[in-house]
Each structure stands twice: as C-alpha cells, then as structure tokens.
1. When the dipole is taken about the Cα centre of the range 8-130, and only Lys, Arg (+1) and Asp, Glu (-1) are charged at their Cβ, what size is it in debye, to the nearest 20?
2. Could you tell me which of rounded, prolate or oblate describes the range 134-204, using a ≥ b ≥ c as the square roots of the eigenvalues of the alpha-carbon gyration tensor, with rounded for a/c under 1.5 and, failing that, prolate when a/b is larger than b/c and oblate otherwise?
3. Using a cut-off of under 16 Å, list every residue of the range 138-165 whose amide N is near the label point 7 Å from the Cα of Glu107 along the Cα-to-beta-carbon line.
4. Helix 40-50 versus the longest principal axis of the chain: what angle, 0 to 90°, nearest 10, using Cα atoms?
5. Only loop residues by DSSP count here, and only those with at most 16 other Cβ atoms within 10 Å; note down the trypsin sites (Lys or Arg not before Pro) in the range 44-103 that meet that.
6. Check which residues have an amide H placed less than 5 Å from Val18's amide H, if you skip close sequence neighbours.
7. What is the sum of charges around Ile177, taking Lys and Arg as +1, Asp and Glu as -1, for the other residues whose C-beta is under 12 Å from the C-beta of Ile177?
8. Once a ≥ b ≥ c are taken as the square roots of the eigenvalues of the Cα gyration tensor of the range 53-117, is the result rounded (a/c under 1.5), prolate (a/b larger than b/c) or oblate (a/b not larger than b/c)?
Amino acid sequence: MSVTARTGIADSLPATTVTVSTVLFGDTSPQQALAAGSGWPGVRDRLGQALAVVPAAQRELASRELGGAVASLLGLRVGDVLVAAWRAHRALLAAGRATIENPAATEMVQLGAHRITTAHHPYVDVVIEDRKIATLHFDLSLVLDVDTLLGTVRRGRLVALASGRCTVTASLGCEGIDLVSRQIVMDPAASVSLGDGIALTSASS
C-alpha cells in the first residue's frame, strides 16, 4: 500500500528557507500538528469511508501515512512565490531590458506596498496493490502582503533587495474541512536567494 502526494507545483526557482510548512507549523512536526488539530478527525473519517471495504489494519496504516504524505505537499518556498511575482512586474521588467541594452547601467526600482496571492490544489492518492482506492483533495492558499521594496537591477538581473517586511498568511484545507491557518512576518530580502541575480529577461537567463 502507498499513500502518494502530488503537488502540481513547479520546483525551478532559487532555493529559499521559508516554506509553507514553516508558515503553517513553525518548528512543530506537521504530522503532529495536523493530528492535534480539530479538523483532522474529519479528514480521517473521509478516508475511512473511502476505505470501508479495506481490512482494518490497512485502513489504520493508511491513516498513519496520510499525515506524512500531506507534510510532503508543503515544501513550496515562499521566496519562490515572491520571485515569480516580481519577474512579472512591469517596472522590474523595464529595468531589466534597460540594463541589458546598457550593461554599465544600474537601476534602482521602488515597488510600492503590494499583495501577492496564490492558490494550489494538491492531492493525495491512496493506492493498495496497484489500485487507487481513494483520492483526497487539499486546498492551499497563500497571501503575501509586502511593504515597500527597493530592488537593484544590473545587466538584466535583480541583484539586491531592500525592504521592510512581508506578512504571510497560509491556509490549508481538505475536502471542505479547514485544517490550519497561520500568519507570520518575514524579511523578503533574507528569504530570497539571489545568487548571481534573478533573470528578468530572456537575454539575461
């Protein structure tokens, strides 16, 4: 028997340290935190109904593995969400193009306070003897409220960040059941790995 988590989330942006799991659970084990939550019994009941024809021992095993499978869905990095949004920002794109055309130039771009929202719908398959028995659908939402941000752009790349703070609100639900919601405040500049700079144009990739 296997319990397989599928995120549908791309994993191609620079590495960062603050994940959705960090936002929702801090340093607490996601499995332990979910199991202690008021919504988790409802998720277990849904799973139990789907596995009614399965022997009790296998139902219990699936229930135990479910928490770990859900935890594996929560590795999305908050910094990646920020970078994806900034890569589409018109002012940063304009600065990227300008500094490609003039490699000696440096542009400072100020972005006003802004909100970034994203929603994901991962799911967990329960497979017994190569047969899918059940699928549980999850809803993950992120709201990032970013204070005024100052970015430095050179040669088509975002190479430095200076800002105030970013308030991150994350919520996780399953099959209409609210599981957990939590808010933290973080420093975007410390949460995004710039490396050699984040490419803002195809010419700087």
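1. Details: 9 positive and 11 negative charges, 87 e Å.
In total the dipole reaches around 420 debye.
2. On the way: a/c = 4.04, a/b = 1.94, b/c = 2.08.
Here the range 134-204 falls in the oblate category.
3. Only 150-161 pass the distance filter.
4. 60
5. On the way: sites: Arg44, Arg46, Arg59, Arg64, Arg77, Arg87, Arg90, Arg97; in loops: Arg87.
Loop-located and lightly packed - Arg87.
6. Close amide H contacts, sequence-distant or interchain: Val78, Gly79.
7. Numbers: positive: Arg44, Arg46; negative: Asp45, Asp139, Glu175, Asp178.
Result for the local shell: -2.
8. Details: a/c = 5.94, a/b = 4.16, b/c = 1.43.
In terms of gyration-tensor shape, prolate.
Values in this text are rule-based calculations from the coordinates and carry no lab data. All of these numbers come straight from a predicted model, not from anything done at the bench. No Cβ is skipped: glycine too gets one built from the backbone with ideal geometry, and neighbour counts run over all protein chains shown.
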